[in-house]
Each structure stands twice: as C-alpha cells, then as structure tokens.
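Trainee: Let me give you the structure first, and then I'll get to my questions.
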Amino acid sequence: MPRFPDGTPAHGTPRFADGTPAHGTPRVRGGHPEQREAGGAWGESGAHGMAAAPGVAIPRQRQAPPGGPRQTGQASPRQDYLDAFGDQDVFEPRSPQAPADPYASVTDWQTAPQPRTAVDDEPPTGEPARQKGGKGRAFTGIAAAAVTTVLAIVVAGQVADGRDDDAVQSQSATDQGRDARDSASRSDGRPTPSSSPSVATLTYEQKMGKTYPLSAKLDGSGKFDAVKGIDKAPGTGQKFTYRVDVEQGIGLDGELFAEAVQKTLNDDRSWAHNGARTFERIYSGKPDFVITLASPGTTAEWCAKSGLDTTVDNVSCNSTATDRVMINAYRWAQGSKTYGDQIHAYRQMLINHEVGHRLGYQHVTCDKSGELAPVMQQQTKFLTYRGVTCKPNPWAYPGS
C-alpha cells in the first residue's frame, strides 16, 4: 500500500510529499483530519503545519488534561476526533429541536442503570430517548437533569427534616420543662397520681387511738434501745429527767411511745399539776428513771427483781430495786377490758400509774359508785371493788 514518508497510508487520497492532502481534496467523515501529538495537543498551525482549507475553520488549540498524557493506550480514531473538537462532531447533522447537552461528556450514564426513586413513578417528560448520535446524548442530558432535580429534592427534604428534628427537640425540651413545672406544682400540696395507693400519715391522736398486734405470751430478747433525741422540760417546777428504752424486736413504735410519755407527764392533769413538777426526756447521761416498753416475759423478769409478780393478769410495774419503770408491751398494744376501745386513755393511765409509784404513790380505790377511779387504782384489773364501781380515769387531777 502506498504510504507517505512518515508512514501514513495514503488511503487513495492525493497528498503532497509531506503528507498534506492536496488543496480541494474533500474531507470525509471517518477519515483522519489530524495527527495527535504527545499530550493530545495540536500544533501551533494545525496538524503538522497543515494550512486551513478555504471555508473550513481550524479547531482551537486544546490543552492536555490535568495529570499529563493519557495512559489508557492508543485512542480510537473517533475518540481522538471527539477529544480534539471538545466532544463536538462538527460534521454530524443535529436535530434543531435537541437542546444543548451540558452532560454529553458523561458517556457512562448512557449505559449505567439509574437507581429507582420516587420520580420513576411520575409520567415521562420531554422528548423520547434517541438511540444513536447526538439525539441519544440529548436524552442522557435530560436524564442527568432529572437526577440533579431528584438530588435537589432529597437535599431539600433532608434540610426540612432537620428543621422538623429541631422542632421536635424544641417540643421535647418544652414538654420536659412542662413536666418539671407540673411535678413542682404537684409537690405544692397536690397529690401525685400513682398506680398504687400511698399510705396516709397518721396523726399522733390517730396512732394513739389504734391497737397493735402483740402476743400476751411474748418473751423478748431482753435487749433495749434508747429512743434518740431529747424533750426539754416545759415547766418550772421540780424537774425529773428520764430516758425511754424500747425492747428490741417487739415491733412497736418507740418514738410514738416516747412522745406519749412526754405529753402525758407534762399535762396539767398529770403529776405536773399547777407547776409542781416538770419532766424532761434525755438520751445520754444519768436519768432519774428509765421508762421501759418491754414484752410480757421481759417485764416479768425485771419486776421480779423487786419482788413483784406481773404474770397474774399480765400487768406492768415500777421496779423499785432498779431504775426501770416497766410498761408491759402487751397492755400497751392491746389495752384492757376495763377501758374497752378507749385505748388512748388507757395508755395515759398506764404511764401516770407506774410513774406515780416511782414518785412514791401507793394503790387506792374509789369510794363511791359512779365516781372517777383514782389514777392509782389498779384499773387494768378492775373498776369495781367491794361493790363500788367507778369510771375509768387516766389522770391524777382529772378536774383541772
């Protein structure tokens, strides 16, 4: 095959000695209108100094792409042609309706499958896809524009979601603040709803009006706990100090017992009448006496130290040989038949009667039926003595 001096096949085209086509030779599509130089650039005056044919514009010089010459191997003739003309085929006829395609260089979109999005279900818009040439690239541009629109919608949705999230967080913070305020306001006297009923706090009078379960045969550990705290003497008379001990394990409220002792002894109807005496509860140091709440068995043991038998009728005593005034826990918890359901008054009588013995008072009885029994009468055992029946009375000076 005839070749030019540079080795290029003649292809039947008349050329000069340097390989330049003869003037007027038609340039057909599919031929080789240029020779690519290293880096993909044109020479300063066209292909190897080729002069422009009349009526044919010489393409502008194109710089090499960043990163140096292509390393993918020898380019195809058509690809070289497209690269030289900026991906524009100046010899290919175009449809006047096809818009400019800014995405035509992204040729891999023509074959790559598109991810399915919500817009797949929308009716098609624009012209039908063309399968070849510039028309196919025009459809690719439309598809690229559609994808760009979808991305814009997704980004806008994410921004909107962010605003919604902020709104939710704001609402959540508001709700938390409201809950905190509601909680604070509920604590100001308003009951808080609960799935389980709360135990109501009983007043002193209510507690003293209740009986508590305790066996008449209970024999406790014999160990005592002093009720902590002090109760100052409220009066100016002769002061007596005392400590309150409660036997361990009997299951009774020691603080309630201590409160009852202090209130009872300093009542004007009691031994503090007219300011003659005043009583002060202490926790440490040496008291004048120790008033002790103990099981029936332990009470009997301490009373026996003073020659007293409390097992008959299960009663209390003042153990004069010791510093203890013993209150039988069974009687404190259950009361007596003589007082019936007047358990509060009965407990006041127990305290006043046994402390009266500590102050030096002995047993007496009433003189006339229908009168109040003296506090030093053995009211736990009886209210009727030698045919005279008296009324229950817990006070040393009941008329005050």
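The values are calculated or read from the model by the stated rules, or taken from the named source; none is laboratory data. Please read all numbers here as calculations on a predicted model, not as lab measurements. Cβ atoms come from the backbone with ideal geometry, glycine included; neighbour counts cover every protein chain shown. SASA here: full protein model, heavy atoms, side chains in, ligands and nucleic acids out. Shrake-Rupley method; radii C 1.70, N 1.55, O 1.52, S 1.80 Å.
Trainee: What's the total number of residues in the range 228-274 that are part of a loop (DSSP other than H, G, I, E, B), open to solvent by 20 Å² or more (accessible area, probe 1.4 Å) and under 19 Å from ARG331 (Cα atoms)?
Mentor: 5
Trainee: Determine the pairs where a residue that is aliphatic (A, V, I, L, M), located within the range 215-242, has a partner that is in a strand (DSSP E or B) and open to solvent by 40 Å² or more (accessible area, probe 1.4 Å) with Cβ atoms under 7 Å apart, the partner being 6 or more residues away or on another chain.
Mentor: Close Cβ pairs (under 7 Å, with a partner that is in a strand (DSSP E or B) and open to solvent by 40 Å² or more (accessible area, probe 1.4 Å)) amount to ALA226/ARG243; ALA233/LYS239.
Trainee: For the range 281-314, what are the residues that are assigned to a loop (DSSP other than H, G, I, E, B), farther than 25 Å from ASP231 by Cα and open to solvent by 20 Å² or more (accessible area, probe 1.4 Å)?
Mentor: Correct list: LYS305, SER306, GLY307, LEU308, ASP309, THR311, VAL312, ASP313, ASN314.
Trainee: Now for a different question. Among the residues of the range 271-289, are any within 24 Å of PRO392 (Cα to Cα), among the hydrophobic types (A, V, I, L, M, F, W, C) and either touching a residue at least 60 places away in the same chain (Cβ under 8 Å) or in contact with a Leu (Cβ under 9 Å, 6 or more places away or on another chain) (or both)?
Mentor: There is at least one residue in the range 271-289 that is within 24 Å of PRO392 (Cα to Cα), among the hydrophobic types (A, V, I, L, M, F, W, C) and either touching a residue at least 60 places away in the same chain (Cβ under 8 Å) or in contact with a Leu (Cβ under 9 Å, 6 or more places away or on another chain) (or both).
Trainee: Is the range 329-339 home to any residue that is closer than 18 Å to VAL261 by Cα, open to solvent by 50 Å² or more (accessible area, probe 1.4 Å) and touching a Phe, Trp or Tyr at 6+ places or on another chain (Cβ under 8 Å)?
Mentor: Checked the range 329-339: at least one residue is closer than 18 Å to VAL261 by Cα, open to solvent by 50 Å² or more (accessible area, probe 1.4 Å) and touching a Phe, Trp or Tyr at 6+ places or on another chain (Cβ under 8 Å).
Trainee: Considering only the range 383-397, I want to know if a residue exists there that is buried (at least 21 other Cβ atoms within 10 Å of the Cβ), part of a loop (DSSP other than H, G, I, E, B) and among the polar types (S, T, N, Q).
Mentor: Scanning the range 383-397, I find at least one residue that is buried (at least 21 other Cβ atoms within 10 Å of the Cβ), part of a loop (DSSP other than H, G, I, E, B) and among the polar types (S, T, N, Q), so the answer is yes.
Trainee: Answer yes or no: is there a residue in the range 345-360 that is farther than 22 Å from TYR242 by Cα and polar (S, T, N, Q).
Mentor: No - not one qualifying residue is present in the range 345-360.
Trainee: Here is a further query. Among (1) of a type in the set (A, V, I, L, M, F, W, C); (2) loosely packed, with under 14 Cβ neighbours inside 10 Å; (3) not in a loop (DSSP other than H, G, I, E, B), which single condition is ALA216 missing?
Mentor: (3) is the only condition that ALA216 fails.
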